[in-house]
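A.B. asks: Pasting a structure below so you can have a look.
The values are calculated or read from the model by the stated rules, or taken from the named source; none is laboratory data. What you see is a predicted model, and the numbers here were worked out from it, not measured in a lab. Here Cβ is always computed from backbone atoms with ideal geometry, including for glycine, and neighbour counts include all displayed protein chains. These area figures cover heavy atoms from the full protein model, side chains too; ligands, DNA and RNA do not enter into them. Shrake-Rupley method; radii C 1.70, N 1.55, O 1.52, S 1.80 Å.
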Amino acid sequence: QVQLVESGGGLVQAGGSLRLSCAVSGTISRFNVMGWYRRAPGKQRELVARILRGGNTSYADSVKDRFTISRDNAKNTVYLQMNSLKPEDTAVYYCNAHDIMSDYWGQGTQVTVSS
């Protein structure tokens, strides 16, 4: 079974930066999509960013031009660089691996942005 482990979350002041990592116990190139999602208390989980197997990326409008998703296939790791953080970015961030048959999720890492 594939396992995903997120790291890099924490407490940061508004305007600061964090980089999240998602280490995958498998070969990430076999997944059609790797993505980052987030969930704030009382809110539905939302897609933040995704990267396709071919390398194309997409972002939620709320994070576009501030966040960057990337991957290192040799390390089977996906990253989310978060710059210019805002209090509304506060959430638990989850890594996801998706293909036509399966979805795999990490347990999440907390990101808290103070005013």
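A.B. asks: Sort out which residues of region 1-17 are open to solvent by less than 30 Å² (accessible area, probe 1.4 Å) and within 23 Å of Ser84 (Cα to Cα), and write them in order of number.
C.D. replies: Glu6, Gly10, Val12, Gly16
A.B. asks: For Leu85, are the conditions met, namely being in a loop (DSSP other than H, G, I, E, B) and in contact with a strand residue (DSSP E or B) (Cβ under 7 Å, 6 or more places away or on another chain)?
C.D. replies: Spelling it out, Leu85 is indeed in a loop (DSSP other than H, G, I, E, B) and in contact with a strand residue (DSSP E or B) (Cβ under 7 Å, 6 or more places away or on another chain).
A.B. asks: Next question. Could you please let me know if Asn96 is farther than 19 Å from Ser17 by Cβ, touching a Gly at 6+ places or on another chain (Cβ under 8 Å) and open to solvent by less than 20 Å² (accessible area, probe 1.4 Å)?
C.D. replies: Against the criterion (farther than 19 Å from Ser17 by Cβ, touching a Gly at 6+ places or on another chain (Cβ under 8 Å) and open to solvent by less than 20 Å² (accessible area, probe 1.4 Å)), Asn96 qualifies.
A.B. asks: Taking Gly26, is it modelled with pLDDT under 95 and either assigned to a strand (DSSP E or B) or loosely packed, with under 14 Cβ neighbours inside 10 Å (or both)?
C.D. replies: Taking the combined requirement at face value, the residue does not satisfy it.
A.B. asks: Take the residues in region 63-79 that are more than 22 Å from Ser115 (Cβ to Cβ) and assigned to a strand (DSSP E or B); name whichever of them is farthest from the chain's Cα centre (by Cα).
C.D. replies: Looking at the filtered set, the residue picked out is Asp72.
A.B. asks: Is it the case, given these coordinates, that Ile100 is touching a strand residue (DSSP E or B) at 6+ places or on another chain (Cβ under 6 Å), among the β-branched types (Val, Ile, Thr) and in contact (Cβ under 8 Å) with a residue 24 or more places away in the chain?
C.D. replies: Here the answer is no, as Ile100 does not meet what is asked.
A.B. asks: Can you go through Leu52, Leu47 and tell me which one is open to solvent by 20 Å² or more (accessible area, probe 1.4 Å) and within 17 Å of Asp65 (Cβ to Cβ)?
C.D. replies: None of the other options fit; the residue is Leu47.
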